[in-house]
DNA sequence: CATGACACTCTCCTTTGGGTTAGTACCGCA
DNA sequence: TGCGGTACTAACCCAAAGGAGAGTGTCATG
């Protein structure tokens, strides 16, 4: 009954669910994090854009700005010409990788199952 | 380098990420699944609606229809008056619970950390 | 001499998710 | 007799997310 009270009290929307999804819920949020992770070293803006085709400038920029504001990504700007900006994962960002991998794995196995059943 | 090729080949959008998020990405998708799970028995439409306040009829209906179409939820209709419809998790839906709990836990601990640091 | 790379910004446009309101058909209960 | 509960559907609306395309300033390369 404690479980149900928990729902009835209507806290469901205020749990970690909503919190986590606010951070990684965007169309390319997880892809961006994962791409940086897999690269094993900082990634430049245009490199990231090429990896996340067909993302647009606008979306990539806002995606990165939000990830930075949420402390998942670190932005390092080199004031030179031509400009150079590198993005890397913060420890917090890294801590999300296992969670994202679970999501990914579930989807992979499910896709495989669907394919098998046809 | 295999990792990077994986990205470069541009398969990132076609991985389990996108697949899983298509299934549970809606505003109330995970909440609905979790509510049914916690109830330990089938939930009726209006009961679910009360738990997911402030969800609207339209959104709850489309949410449930999509979950059903994706095989995560089972819909059982009792042709009586007044009508009665019960929703329960399929085994596939149940298999998502641990993944969702990981997402939830990460968010909870992160919220706690943010609170602590102020 | 001109093109392209760099890391963007700006403006406008479309799509999508979700919200609002109203209505349906029937019944039990006060 | 009329109100509330049951599980919806239909029509319309709104805001936010994302996409398209052009522009910026400087430099290296062909």
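The values are calculated or read from the model by the stated rules, or taken from the named source; none is laboratory data. Everything numeric in this text was worked out from a predicted model, so none of it was measured. FYI the Cβ positions are ideal-geometry reconstructions off the backbone, even for glycines, and counts take in every protein chain you see.
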Check your understanding: Residues in segment A:43-66 that are within 14 Å of another protein chain (Cβ to nearest Cβ), at pLDDT 95 or above and more than 10 Å from DNA strand C (Cβ to nearest atom): how many?
Key -> 1
Check your understanding: Listed residues A:31, A:80; which is within 16 Å of DNA strand D (Cβ to nearest atom) and within 9 Å of chain B (Cβ to nearest Cβ)?
Key -> A:31
Check your understanding: Which of the residues spanning segment A:69-91 are touching a strand residue (DSSP E or B) at 6+ places or on another chain (Cβ under 9 Å) and under 26 Å from residue B:19 (Cβ atoms)?
Key -> A:72, A:73, A:87, A:89
Exercise for review: Report yes if some residue within segment A:88-98 is surrounded by 11 or more Cβ atoms within 10 Å (Cβ to Cβ) and over 24 Å from residue B:107 (Cα atoms); otherwise report no.
Suggested key: no
Point to revise | Output for segment A:42-68, where each listed residue is within 9 Å of DNA strand D (Cβ to nearest atom) and in contact (Cβ under 8 Å) with a residue 40 or more places away in the chain | key: A:66
Exercise for review: Could you run through segment B:22-31 and say how many residues are assigned to a helix (DSSP H, G or I), within 11 Å of DNA strand C (Cβ to nearest atom) and touching a helix residue (DSSP H, G or I) at 6+ places or on another chain (Cβ under 8 Å)?
Suggested key: 4
Revision key, fill the gap. Residues of segment B:83-98 being away from every other protein chain (no Cβ under 14 Å) and either near DNA strand D (Cβ under 8 Å from one of its atoms) or assigned to a helix (DSSP H, G or I) (or both), in sequence order, are B:83, B:84, B:85, B:86, B:87
Review point. Looking at segment A:99-118, which of its residues are more than 9 Å from every other protein chain (Cβ to nearest Cβ) and either crowded, with 18+ Cβ neighbours inside 10 Å or outside any helix (DSSP H, G or I) (or both)?
Key: A:117, A:118
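Residue-wise test of (1) more than 12 Å from the chain's Cα centre (by Cα); (2) surrounded by 15 or more Cβ atoms within 10 Å (Cβ to Cβ); (3) more than 22 Å from residue A:21 (Cα to Cα).
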residue	(1), (2), (3)
B:26	no, yes, no
B:29	no, yes, no
B:32	no, yes, no
B:37	no, yes, no
B:40	yes, no, yes
B:46	yes, no, yes
B:56	yes, no, no
B:63	no, yes, no
B:67	no, yes, no
